[in-house]
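Notes follow the structure.
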Amino acid sequence: MQDNSNKISLKQLGIRLTIMVGISVLVGFISSYAGLGESKQILATSIFTLIISATLLFWNFRLAIAFIGMAIILAGNVLTLEQFINSAELDIILFLIGMMTLVGVLKDLGLFSWIIQSIIKMKRMSGHLFIIVLMFMSAFMACLVDEVTSIVFMLALIFQVCDTLKVSPTPYVIISVVATNIGSSGTMLGNPIGILIGTKAGFSFIDFMVTAFPIMLISLGGALIIVLLWYRKDILLFTERLEARRKMLIGLGPLIQIPYKKGLFILIAAVLLIALHHNLEEKLGVAKNTLLIVAPLAISGILMIWKNERARHYIESEVEWWTLLFFMMLFAVAGSLEKTGVTQQIAANFINTFGNNPLVLAPIILFITAAGSAFVDNIVFVAAFIPIVKEIGAESLWWALMFGGCFGGNITLIGSTANIVALGMIEKRYHKHITFFEWFRFGIVIGIVTCIIACIAIMLLILLR
C-alpha cells in the first residue's frame, strides 16, 4: 500500500488523523456495549483497531503508530513484559530472518538471474507459452522463497522482454503479481501468513504440500484460464512482435553464462531440510516445528561464515527489519486480545450467530478474510482471526483463513506486499501508474473465482474426513 502521507497537506493529515482516532474510540464504545466491559478489553480492542486504521490511512507511519499502541498496551498493564515477549511470535520472526538472509545469498550467487535466462532462451516461445511460464514460475518461486523475492525477479524478466518487444508491461506485471499471490499459499515459505498459521495450527511442511499445494495448483489453473481470455489481445500482440523478431533472427535478449549450481544446491538443501522437519523432530525428540525454525537460521549462519565479507550486508540490507518489527507489534497487540478474553468472547458470538458447523464457518471466514485483505494488510486480518479460529478448533478453518488472506490480496492494488512492490517498480522504471480500477476490474474476477475454488476444495475436504 503506497501512501503519500508525507506529502499531503496539514488539513488532509488532520482529517485522516481524526478518522483514525475516531474509529478507534468508536470501536471502544461499541465494545463496552457488546459484552466487553473490562477496561483492559476495551483498551486492547481500541489499540488493535488503531493499527488496522493506520495501515489504511497512514501506511508510511504504521510502524510508528504500532510502537505507540504497544506502549499504551504495556503502560495500561493490558500485557506484562513477559506476555509481550510470548505474544510477539519471536519464532516466526526468527524463521523470516533466516529465510531473508538465505534469499540474499541466493541473489548473490545468481540463482534467480539464471532462472530468468532459462526462460528467455526457451525455444518456440509465444504469447500463450510466455503467460503459462510466467504464471507457473511466479507461483513456484513464491512457494520456494517468498512473494516479494518472487515478484522482484519476475519483474526483471518482464521488463526485459517487454522492452525488447516494445509492448506495455502493465498486463504482465498484473498477471505475475496475481500468480505470485496465489502461489504464496502453496507452502509455509511463500507468505508470512503460511508460517504464522502453520505454527499456530501445528501444521508441518508436508501438511501444506498435501492440502494447500494441490488447492493452489487448481486455483492457479482457474486463474490461468481467466488471464488467457482477459488479456487475449495483449497476448496476440506479444506473439506478433516476437514472430517479427524471429524473422530478423533476433531473440528476446542477450544471454550470459551464469554459475548457478551452488545456489541451486543450497536452495534444494534448504527446502529438503524444511520439508523433512517433522520427521527429524520425531527422531530427535524435539518439540514440534523446532527444526522448522532452526533450519533457515542454521543454513544462513553457515552461509554467512562462507560469505563473511557480505554477512553484514545480508543482515542489514536483505532482512526487512521495518516489516518484521511491525509484525512483532501486531502479533503482540493481537495477543492482548487473547489475553484479555476479547477473542474468546468474539468466538462465542461468532458461534452463536453462525453455529459451529465447519461447512458453514469455512466459507464465511474465507470470504470475510478475502474482503478484508483486499483493503488492509492480510497479516492484520489473519492475526485478528487466528485466536477466534483457535478457539473454535476446526482444522478446515485454518485453511479457509489462509486462502482468504492470500487470494484476497489480488482484489486490489494495495492487497498484498507483492502488489505494492510491483507498483513501485513499474512506477520507478516507466513513470507509469496503474489505476485502482484498472487493477480492480480484473482483480475482483480473479479474487472471487479463486476463492470459490478454494472454498469448494475445503468443503470437500471437510466432507471426506
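Around VAL342, with a cut-off of 12 angstrom between Cβ atoms, what is the net charge of the other residues, counting Lys and Arg +1 and Asp and Glu -1? Before the final figure, lay out the partial values.
Values: positive: LYS40, LYS339; negative: GLU38, GLU338, GLU391.
In short, -1.
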Checklist entry - To the nearest 10 degrees, how steep is helix 378-392 against the longest Cα principal axis of the chain, on a 0 to 90 scale? => result 50
Checklist entry - So who's got an amide H within less than 5 Å of the one on SER126, skipping anything under 5 residues away but keeping other chains? H placed 1.01 Å off N, in plane. => result none
Checklist entry - Once label points are set 7 Å from the Cα along Cα→Cβ at both THR435 and LEU81, what is their separation, rounded to one decimal in nm? => result 5.4
Item to check | Surrounding net charge for THR149, when Lys and Arg each add one and Asp and Glu each subtract one, Cβ distance under 11 Å | outcome: -3
Checklist entry - Percent relative contact order of the chain, based on C-alpha pairs within less than 8 angstrom and at least six residues apart? => result 22
Checklist entry - Based solely on its DSSP helices, what 222 nm [θ] is calculated for the chain when runs of n ≥ 4 H residues each add -39,500 (n - 2.57) and the sum is averaged over all residues, nearest 500 deg cm²/dmol? => result -25000 deg cm²/dmol
Item to check | Reachable lysines, given that their alpha-carbon falls under 20 Å from the alpha-carbon of LYS233 and they are not under 8 places away in the same chain | outcome: LYS166
Item to check | Whole-Å distance, taken between Cα centres, linking the stretch 401-461 and the stretch 90-115 | outcome: 24
Item to check | Spatially proximal lysines relative to LYS40 (Cα-Cα < 29 Å; intrachain offsets below 8 disregarded) | outcome: LYS200, LYS339, LYS390
Checklist outcome for this item: Phi-derived 3J(HN,Hα) across the stretch 279-289 with the Karplus relation (6.51, -1.76, 1.60, θ = phi - 60°), rounded Hz, x for Gly and Pro, is 4, 5, 5, 5, 5, 8, x, 9, 4, 4, 6
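Using the Cα centre as the reference, give the magnitude of the dipole from point charges on the C-beta atoms of the chain (Lys, Arg: +1; Asp, Glu: -1; all else neutral), rounded to the nearest 20 debye. Working shown, then result.
Values: 31 positive and 25 negative charges, 305 e Å.
For the chain, the charge dipole is close to 1460 debye.
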Checklist entry - Under a Cβ-Cβ cut-off of 9 Å, what is the net charge of the residues other than PRO169 that fall near it, where Lys and Arg count +1 and Asp and Glu count -1? => result +1
Checklist entry - So who's got an amide H within less than 5 Å of the one on SER416, skipping anything under 5 residues away but keeping other chains? H placed 1.01 Å off N, in plane. => result none
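Which length gain, in nm to one decimal place, applies between ILE448 and LYS262 when the Cα-Cα distance is subtracted from 0.36 nm times their residue separation?
Values: separation 186, 0.36 × 186 = 66.96 nm, distance 4.08 nm.
Extra length available between ILE448 and LYS262 comes to 62.9 nm.
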Checklist outcome for this item: In nanometres, the difference between 0.36 nm per residue of separation and the alpha-carbon distance of ASP108 and ASN357 is 84.7 nm
Next on the checklist: Quick check: pseudo-label points 7 Å beyond the Cα along Cα→Cβ at GLU309 and GLU282, how many nm apart are they?
Outcome noted: 4.6
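Rule-based calculations on the coordinates, nothing more; no lab input. Note that this is a predicted model, so its numbers are computed, not measured. All Cβ positions, even for glycine, are placed from backbone atoms using ideal geometry, and neighbour counts span all protein chains on display.
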